[in-house]
Structures are given as C-alpha cells and as structure tokens.
1. Could we say that VAL399 is under 30 Å from LEU216 (Cα atoms), in contact (Cβ under 8 Å) with a residue 40 or more places away in the chain and buried (at least 18 other Cβ atoms within 10 Å of the Cβ) here?
2. Do we find that GLU208 is at pLDDT below 95, of a type in the set (Asp, Glu), outside any helix (DSSP H, G or I) and under 20 Å from the mean Cα position of the chain (by Cα) in this structure?
3. Could you tell me whether GLY182 is free of Cβ contacts under 8 Å to residues at least 24 places away in the same chain and not in a strand (DSSP E or B)?
4. Of the residues ASP363, ASP354, which is over 30 Å from GLN180 (Cα atoms) and surrounded by fewer than 15 Cβ atoms within 10 Å (Cβ to Cβ)?
5. Can you spot a residue in region 305-320 that is part of a loop (DSSP other than H, G, I, E, B), of a type outside the set (D, E, K, R) and modelled with pLDDT of 95 or more?
6. ARG325 - would you say it is of a type outside the set (Ser, Thr, Tyr), in contact with a strand residue (DSSP E or B) (Cβ under 7 Å, 6 or more places away or on another chain) and either in contact (Cβ under 8 Å) with a residue 12 or more places away in the chain or not assigned by TED's automatic domain parsing to the domain that holds VAL376 (or both)?
7. Going by the conditions given, is PRO269 in a loop (DSSP other than H, G, I, E, B), crowded, with 22+ Cβ neighbours inside 10 Å and in contact with a Leu (Cβ under 8 Å, 6 or more places away or on another chain)?
8. From ARG112, ARG129, which residue is in contact with an Asp or Glu (Cβ under 9 Å, 6 or more places away or on another chain), over 28 Å from GLU312 (Cα atoms) and not assigned by TED's automatic domain parsing to the domain that holds ILE183?
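The values are calculated or read from the model by the stated rules, or taken from the named source; none is laboratory data. Values in this document were obtained by computation on a predicted structure and should not be read as measured data. No Cβ is skipped: glycine too gets one built from the backbone with ideal geometry, and neighbour counts run over all protein chains shown.
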Amino acid sequence: MPRVILFATTTGYQVRVFGEAAERLGLDLVFATDRCQTLEDPWRDAAIPVRFHDETASLRRLVEAMNGRGVDGVLGVGDRPALLAALAAETFDLPARGVDGARASADKLRYRRRLAEVGLPSPAFRAIRLDQIDAGLAEPLGFPCVVKPLALSGSRGVIRADDQAEFDAALARVGRLLAQPGIRALRDPANDQVLVEEYVEGAEITVEGLLDDGRLHVMTIFDKPDPLDGPFFEETIYATPTSLAPDVCTAIEEALAGTVRALGLTHGPVHAECRLGPGGVVVLEVAARPIGGLCARVLRCVGPSGRACSYEEVLLRHATGEAGRGFRRAPGASAVMMIPTPRAGHLRRVRGQDRARAVRGVDDLVITAKPGQRLVPMPEGASYLGFIFASAATPEAAVAAVRRAHSHLSFDIDLDLPMAR
C-alpha cells in the first residue's frame, strides 16, 4: 500500500476530504499536523504532531514516527505545511520540490525580491516594519497602492489605498491584525513586516497546475467574475473553463512557467494568482500548494485511463509518482462560490438552505461555519461561511446558478456586544 504524508493545519477544511480520497485509492495517508503534542491523539487521526516554526525538530519527529517505514510521497495543504513537505521530500529522498522556492512562495517579500532579481514583471514594492508603522515613519509608493501582510493567505489583510489618509488607515489596520495573539502564536518572522506595493489594474484569474521535474502542466484557469479592485479583495466566485482567448491563456501559462522556474519550484502542485495588466500578465503570487478550502471540489478531473476522479485523488496520485500531464480537467463547466461573511458577530442560523439547494445546476451547498461561531468579515477574517457548487453547460450558467442559490440564503448573526467597563 503506497504511503503519503499529508502536512496540514488541524483546522484545515481539506484534511477530511483527502482522507476520503486516500481510502478510495487504497493509500495509507499519514497526517502531520500542528496538533497539540502533549494530548493523546485529540483528533483521533493518529497524526504526527509537528511545529511549522521549528523545522529541524519537526523533521526529526517525522523520521522517528515513521520508524523506517517507507514514504512514497508528501503533500502540503497550506503555505507553511507546503514548506515542511518540501523539506520532508529531501529527508525521505523523494522528488525534489524546491525548498528555496517553497520559502519564497510562502513569503510575499521573498517572492517579490526573487522576481525583481530575474527581471520578471512585478509591481514596485517596499517592506515596512511594524515598529515603523507605530512610529509614523512609513511612506507609500504612490497611489493607488496595496498594503498586505507577507505571510497570510486568502487575501486576508489585503487593502487598497488611494490617498494618504487611506494608506495610514490601511497600515494601522494591518498592523493591528498582525498583532493579534493568534497570528503572533504562529512565530513567523514574516509577520513582523507589511508589504506595500503598486496596484496592478486588470482582471484577476487563478491558475491551478502540477509540476513534474520543473515542467508545468496547467490543470485549469479559473475566471473570477466579480471585480477585485478593492478596497478589500475578498474572493467570491471561481468559474472554469476560462472565457479568455487561447492566446491569452498561452501567455498566462508561459508567464507562470517562467515564474516557477525563477523560484526554483520543481515538483508538486502550484496555485497562482495573476492579473492581466496593461503591459501583459503579472503573476502576483505563486503558492507551492493546491487550491485551498473546499474549492478543489469544483475542479473535476479525468485520469490517464479516462476515469473521472477528484482533484484530491489527482494530487495523491501525483505525490506517489504519476505524471501530472496524465490528468486533465473533465469536460463541462462548473463554479464555486465562497460564501462571504456579511458582518461580524456570532452565527445563530442559516435560512433558505433547501431553496438554495433546489436551484437548477446547484450540485451542493456546504455550510462550514457552526452555530455559535464568531464570524469575522474580510479583511481580518480567515474563513468563509461555506461553499456553493454548481455545474452547467457553460461557465456563465454555472455562475448564475451559484448567484441564485446565494440569493436564497439569509444569515441570523448576533452582533457583538461592547464589553462593560
């Protein structure tokens, strides 16, 4: 039975889905998560406890836990798990993933510097330390610009500023976000700085791909039908296949291939965010991991034998040695909506779910937020209320279906009450 180690946070949506995919494939899936190492298997998943901020100790614990058992593949879900997966690949003598590239992709400042070194298209940028913000020493690059954390994902903390007042407010807001105890507990030095960069005009798209020995195989290009022009950049809908012209798709693939070469990424999944700017394709970010949340469910695939399979199955098979070019996106169109959080407070209930599920074309509605859970909207928030999935003959029809389903939903949210002093 082939064995794959999956690196993930204990709160990741994807862990259970990967477990189900491994069962279908007959794989032995070993979890390595940042669970508490002093409790005896609190999640009942026999996970190996690791610490993403302590790579040396984590790798040593992995080797001890495997105790000579063979490892056929590794996979990371999330930026920091992806870096530990790259280090584990070296430790267990698996196909090289590119540790330096994984580091650069997990840190937006490292990433910007790498692209600037090799002359690839990239917005002008500047790093600002948190103590500079507190001292009022931070300056913009010009307007419009974007203020963002270096190591958070999912557009968390990303804010556009069009003038000095908005810039000062954005810096202060991101500074407060990075000072939160939950983020300080990550012990990531990247969270001691904020990135300020030039705003890039143009439509934004997402690319999902697989790397084999440095060669990129694009699985799909996702369109984002909702404009992402600020002040916040909360993503809502992904749709595939893309409506872009073939020559634009070719330009996107070439730009991404050049970027992963510059980073030194050589094996495994890549998830990229690109803008179609006035001067051409700008690869804003590349992550050495697959798409996050439950969004992978929208990417239906076909394997070398022609059999339908989930993207999680593709990733696990790729981790065990199957070539990425053997897989392709299945025919048809699909879309996913990441349900946004309308306001802060505690979720009481979600109304209209049956009507939303009954919308023609809707495949599933998954509410991931739990009753009583405290909700935090973007840009501070780190999660969505849930996901709506749809399939149709065209991407436009699939997008219309998730929009109609969302219109049937309403959310009872108890507002936070101010603390009495």
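1. Working: under 30 Å from LEU216 (Cα atoms): yes; in contact (Cβ under 8 Å) with a residue 40 or more places away in the chain: yes; buried (at least 18 other Cβ atoms within 10 Å of the Cβ): yes.
So VAL399 fits the description; yes.
2. Details: at pLDDT below 95: no; of a type in the set (Asp, Glu): yes; outside any helix (DSSP H, G or I): yes; under 20 Å from the mean Cα position of the chain (by Cα): yes.
The answer is no for GLU208.
3. Working: free of Cβ contacts under 8 Å to residues at least 24 places away in the same chain: yes; not in a strand (DSSP E or B): yes.
So GLY182 fits the description; yes.
4. On the way: ASP363 fails: surrounded by fewer than 15 Cβ atoms within 10 Å (Cβ to Cβ).
On inspection, the qualifying residue turns out to be ASP354.
5. In the first step, residues of region 305-320 are kept if they are part of a loop (DSSP other than H, G, I, E, B); the result is 305-307, 310, 320.
Next, from what is left, pick out any that are of a type outside the set (D, E, K, R): 305-306, 310, 320.
Going one step further and asking which of them are modelled with pLDDT of 95 or more, we end up with 310, 320.
Scanning region 305-320 turns up at least one residue that is part of a loop (DSSP other than H, G, I, E, B), of a type outside the set (D, E, K, R) and modelled with pLDDT of 95 or more.
6. Values: of a type outside the set (Ser, Thr, Tyr): yes; in contact with a strand residue (DSSP E or B) (Cβ under 7 Å, 6 or more places away or on another chain): yes; either in contact (Cβ under 8 Å) with a residue 12 or more places away in the chain or not assigned by TED's automatic domain parsing to the domain that holds VAL376 (or both): yes.
Criteria met by ARG325.
7. Numbers: in a loop (DSSP other than H, G, I, E, B): no; crowded, with 22+ Cβ neighbours inside 10 Å: yes; in contact with a Leu (Cβ under 8 Å, 6 or more places away or on another chain): yes.
Considered against the rule, which asks whether it is in a loop (DSSP other than H, G, I, E, B), crowded, with 22+ Cβ neighbours inside 10 Å and in contact with a Leu (Cβ under 8 Å, 6 or more places away or on another chain), PRO269 comes out as no.
8. Details: ARG129 fails: not assigned by TED's automatic domain parsing to the domain that holds ILE183.
From the options ARG112, ARG129, the qualifying one is ARG112.
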